[in-house]
Amino acid sequence: MNVFKELEEEAKQFTSESGLGCISGCGACCANPQIPASPLEFLPLAFDFYYKGIAESILILLETDEENSNCIVYRANSIDKKSGYCTNYNFRGMICRLFAASARKNKYGMKDIIICKNLKEGKNEIFQEATKRINEDLPIPNASKFYMLLEEIDNSLTQQMPINKAIAFSLELVLRFKFYEEGIEEGV
C-alpha cells in the first residue's frame, strides 16, 4: 500500500497538471481478460475481500469462471462491456493505477505515456501536449520504477499472468496465511 500511495501522489500530480486522465465510465481496458497483472499487486484487494468475509466465495467464482471473463471487480454497464466501473477502486492493482498516468521509455529514450486508443483519440490535443511536456518539464510516474519497487518486496510474486488468475493467486495466499495465523493463535 505504501508503493501504491507513492504512485497515487505522483499520478494525481500528473493528471492535475496535464488534464489527461481516463474518460469517466470507460472500462475498455477492464473488459480485456488478458490484462497482465501480478499476484503481489492484488494482495491488498485479497486482504480486503478476506476482511469483508467474501474471499472464499470470490475465489470459488474465479476458479469456476471462464478464461475470457473481465476482471472480477469490474462491472460493465453496456453490452459490449466497454463502459462500467471498478467495484473496489481503493484496492485496485498496480496496472490499474499506472494506466493513463504513467510512462515508459521508448527505443529512442523518450517517454511514452501508457495509454489506450480511446483516450488518445478522445483527448487527442491534451494527449499530444502531455506527450510533449513529459519529455520537457512535466513529471510523470515511471512505470518501470513502480514495478521494480514491487519486485523488491517479493520478486516471486511479481510474475505476470491474466488479471483474474493474479487475483485468484492472491486470494489463495491470503486464505492460506489466515488459516495458519488463526491456527497459531488458537494453539493448534
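Observations on the structure shown:
- Selection count, the stretch 1-15, where residues are open to solvent by 20 Å² or more (accessible area, probe 1.4 Å), under 16 Å from Ile115 (Cα atoms) and not β-branched (Val, Ile, Thr): 1
- Checklist (1) modelled with pLDDT under 95; (2) assigned to a helix (DSSP H, G or I) applied to Tyr50, failing item: (1)
- Candidate set: the stretch 80-122, residues that are hydroxyl-bearing (Ser, Thr, Tyr) and buried (at least 16 other Cβ atoms within 10 Å of the Cβ); chosen: the one farthest from Ala143 (Cα to Cα): Ser83
- Complete set of residues in the stretch 67-87 that are touching a residue at least 60 places away in the same chain (Cβ under 8 Å) and farther than 14 Å from Ala166 by Cβ: Tyr85
- Here Pro162 does not fit the description of being open to solvent by less than 20 Å² (accessible area, probe 1.4 Å) and out of contact with any His (no Cβ under 9 Å at 6 or more places or on another chain).
- Pairs are defined by a Cβ separation below 8 Å, a sequence spacing of at least 6 or placement on different chains, a first member in the stretch 48-63 that is touching a residue at least 40 places away in the same chain (Cβ under 8 Å) and open to solvent by 100 Å² or more (accessible area, probe 1.4 Å), and a second member that is of a type in the set (Gly, Ala, Ser) and assigned to a helix (DSSP H, G or I); the pairs so defined are Glu63/Ala168.
- A single entry from Ile115, Ile72, Ile95 fulfils the requirement of being closer than 30 Å to Lys145 by Cβ and part of a helix (DSSP H, G or I): Ile95.
The values are calculated or read from the model by the stated rules, or taken from the named source; none is laboratory data. Here the structure is a predicted model, which means the values were calculated and not measured. Note: ideal-geometry Cβ built from the backbone for every residue, glycine included; neighbour counts use all protein chains shown. Note: areas computed on protein heavy atoms with side chains; ligands, DNA, RNA excluded. Shrake-Rupley method; radii C 1.70, N 1.55, O 1.52, S 1.80 Å.
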